[in-house]
Amino acid sequence: DLHTPSVAAILSRVNYLAQYMPVLILQGTFSHDVPGSLDVFKTIAGNFPVFVADRICQVGLVISPQKAFWVSSDGWRFSEDEIAESNFTALFSALPSINKGVVAAAVGAENAAEAVGDHVYNLLKGWSPINLAARARGIPTIGLSHGTVSGCVTEQGVVMAGLDNEYSSGAIFAAECSAFLLNHIHQMQAWEHNGRRVAYSGSLERLHFGEIKPKGFLVWDVGAQDATFEFVETPAKKLLQIDFAGTPDMEELTRLAANCVGAHVRIRWQIDEEHRHSIDKDAIRTLFAKATEVKLEGRVNPIQRTRSEGITRMSLVEKLAKWAEVTATDDVVPLVERLAMLESSEPTEIVAQIVGKPNEEKAA
């Protein structure tokens, strides 16, 4: 929303960058970057231009002693003749976040996942002759996309596998870019093939408990035939998660607490219902007194009672007697009497019997 401080902050940051360098912004996840929400960046007028890649296209960057500017393709790519006649300093191939809803509407929901993968591969492969022509002229080629590579790993260690992922690393290398810059997955990771590289920069901060790997951004050095990058670590809050299959081990917690100064800590355990009061939460909080935040999440396992053998073949009275035996219930005779009353009498008769008894018996 335009009135929020975060919008003012990002506009200020992009305006600052545009005073010193050409800026390219790629359309991201539609739930975050609502279609049309990036148009405001197109109005920023700095010393250098800002280009918003909100459609599939190729963009050439021209830098001369007098000025720098962006040149975008009319369609989804340039022609080889346009590359031959260009004076590009670098060539970018932009694949914004894919709207799978549009694909599903066109081919049907059951075929959407496979269709996205096929179309993305054809697109990336279709860029290859243009990128090869540019590289032959000594122009660095950079791919940009926002999506999920099959087999990549999330910040929580989950491997992303399945047809729902937009592309594979092989499909990305098929675009023949020297470097392919990715985002969407919050864990930095990279692939390499003959000097060409594909990499996620990851996120600048930790957002989920259990993230332990460094956070930061990438500074790329891209040539016509290969590319390298440097990972620059950024300060990020510690989000530590400690799990116990049973009762928390206080000695283990004491050891871990020494490295939790300033951290956000979540401690989880599972315990049987009869031992739920054995957890000293105050003692745990005391151990982590130097942490910024401590969350204690205990899961209580309810008592599960096993049916007695042959229970389904017993009468109600026999079941009641067996229940009393298993649960160590004394004096089951009054319960048997009431069960017989429930089986043989109508509710109105039962009420009449109870209401009609002498006062001293009711009091007793």
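Bear in mind that the values in this text are calculations on the coordinates, not laboratory data. Note that the structure is predicted; figures quoted are calculated from it, not measured. Virtual Cβ from ideal backbone geometry, glycine too; neighbours counted across all protein chains shown.
Can you tell which of G151, T247, T292 lies farthest toward the positive end of the dipole of the chain, using +1 and -1 charges on the Cβ of basic and acidic side chains (Lys, Arg; Asp, Glu)?
So the residue we want is T292.
Hey, got the dipole for the range 26-136? About the Cα centre, +1 on K and R Cβ, -1 on D and E Cβ, debye to the nearest 20?
Its charge dipole is roughly 280 debye.
Which of the aspartates and glutamates could be linked to K215 by a straight reach, that is with a Cα gap under 12 Å, when you skip same-chain ones fewer than 8 residues away?
E155, E205, E233
Give me the aspartates and glutamates in straight-line cross-link reach of K295: C-alpha distance below 13 Å, same-chain residues under 8 apart excluded.
The reachable aspartates and glutamates, counting only those whose Cα sits under 13 Å from K295, are D243, D282.
So how strong a dipole does the range 69-124 carry about its Cα centre when Lys and Arg Cβ are +1 and Asp and Glu Cβ are -1, to the nearest 20 debye?
Roughly 280 debye for the range 69-124.
Label points 7 Å out from Cα along the Cβ direction at L339 and F217: separation in nm?
Each label point is offset 7 Å from its Cα along the Cβ direction, giving 7.4 nm.
Where the only charges are on Cβ atoms (+1 Lys, Arg; -1 Asp, Glu), what is the dipole of the chain about its Cα centre, to the nearest 20 debye?
The calculation lands at about 1040 debye.
Kirkwood Rh, the chain, all Cα pairs: how many Å?
Averaging 1/r across every pair of different Cα atoms and inverting gives 26.6 Å.
Once amide H atoms are built 1.01 Å from N in the peptide plane, which residues 5 or more positions from V294, or in another chain, come under 5 Å H to H?
Under 5 Å from the amide H of V294 lie the amide H atoms of V265, each far enough along the sequence or on another chain.
Give me the percent relative contact order of the chain, please, defined on Cα pairs under 8 angstrom at least 6 residues apart.
8 percent
Once you compute Rg and the Kirkwood Rh from C-alpha atoms, what is the Rg to Rh ratio for the range 1-154?
1.00
Any idea what angle helix 333-344 forms with the longest principal axis of the chain, computed on alpha-carbon atoms, 0 to 90 degrees, nearest 10?
The angle comes out near 80 degrees.
Mean residue ellipticity at 222 nm from the helices of the chain, using -39,500 (n - 2.57) per DSSP H segment of n ≥ 4 over the full residue count, to the nearest 500 deg cm²/dmol?
-9000 deg cm²/dmol
Near the amide H of S203, under 5 Å away, which other amide H atoms are found, from residues 5 or more places off or on another chain, if H is placed in the peptide plane?
Amide H neighbours of S203: Q187, M188, G216.
So who's got an amide H within less than 5 Å of the one on Q241, skipping anything under 5 residues away but keeping other chains? H placed 1.01 Å off N, in plane.
Sorted by chain and number, the residues that satisfy this are G210, R266.
Please work out how much length the chain gains when fully extended from N99 to E252, using 0.36 nm per residue of separation minus the C-alpha to C-alpha distance, in nm with one decimal.
Extra length available between N99 and E252 comes to 50.4 nm.
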